[in-house]
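The values are calculated or read from the model by the stated rules, or taken from the named source; none is laboratory data. This structure is a prediction, so every number in the text was calculated from the model and none was measured. Here Cβ is always computed from backbone atoms with ideal geometry, including for glycine, and neighbour counts include all displayed protein chains.
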Amino acid sequence: MFDEVSARDDADTPVDGDSASRQPDVDPLGLLLLRVRHGDQRAFKRVYDMTAPRLLSKALSILSTRDTAEDVLQETYVRIWRNIAQFDPARGSAATWILRILRNAAIDRLRHDRTIARYQTTTDALPDLPIAPEPVTDRIDLDRALARISPEQRASICRVVVHGWTHDEVGKLDGVPTPTAKARVQRGLRRLHAALTDLPPDARVANAAEKALA
């Protein structure tokens, strides 16, 4: 399922304790996970290199956008690291265990997105509140640029830049780890900046926001 040959050199390094006695019956990816269980970060990187392309493809088949799939991919590896003690090669292959984590993360994300969609549908029915006037051309440009980024990135940027939320607060609301929330905002700002540079007259809004988050 995954490229086991690329892991063979690293998997040849023995692991400690009872895991070592099971090595002959464990595939190379499983041996790497046993090393990760002992805190081996190099082995964890090898697991990522072996599995990321296939997992991203699987995530894309479940989720609607690449940005969402990338978020779920990152969440998958966070869960692998946090739950590595639960991996038992006697219960199944490493690939099956990892794919199960990905599917669970994707399902959690779909449920979360449906909840957010219902909330946004409710708030859309609220009356508009008066806001301070701003240059029409600037507003049009910003609206066009915001339309070019994903809804998840747009919502996260507004919470951080406009409302002053922390990345930790955004992560808790979205049900994702703080690093994932921060990465989503940063990717969104980069894409917003790129969109604004294609729209006259300037991209100072995105530049100012990115500097504020640095």
Query - Matching residues, region 38-73, being more than 21 Å from residue 177 (Cα to Cα) and assigned to a loop (DSSP other than H, G, I, E, B) - result: 38, 40
Query raised in the report: Residues of region 74-91 being among the hydrophobic types (A, V, I, L, M, F, W, C) and assigned to a helix (DSSP H, G or I), which ones?
Result: 78, 80, 81, 84, 85
Query - Any hit, region 74-88, residues being within 20 Å of residue 183 (Cβ to Cβ) and among the polar types (S, T, N, Q) - result: yes
Query raised in the report: Is there a residue being crowded, with 17+ Cβ neighbours inside 10 Å, outside any loop (DSSP other than H, G, I, E, B) and modelled with pLDDT of 80 or more anywhere in region 134-150?
Result: no
Requested in this report: Output the qualifying pairs, or none if there are none: Cβ atoms under 7 angstrom, residues six or more apart or on different chains, first residue in region 61-72 and surrounded by fewer than 18 Cβ atoms within 10 Å (Cβ to Cβ), second residue in a helix (DSSP H, G or I) and among the small types (Gly, Ala, Ser).
Outcome: 62/106
Report summary line: When region 93-116 is checked residue by residue, the ones that are touching a Gly at 6+ places or on another chain (Cβ under 9 Å) and either hydrophobic (A, V, I, L, M, F, W, C) or outside any helix (DSSP H, G or I) (or both) are 93, 94, 95, 97
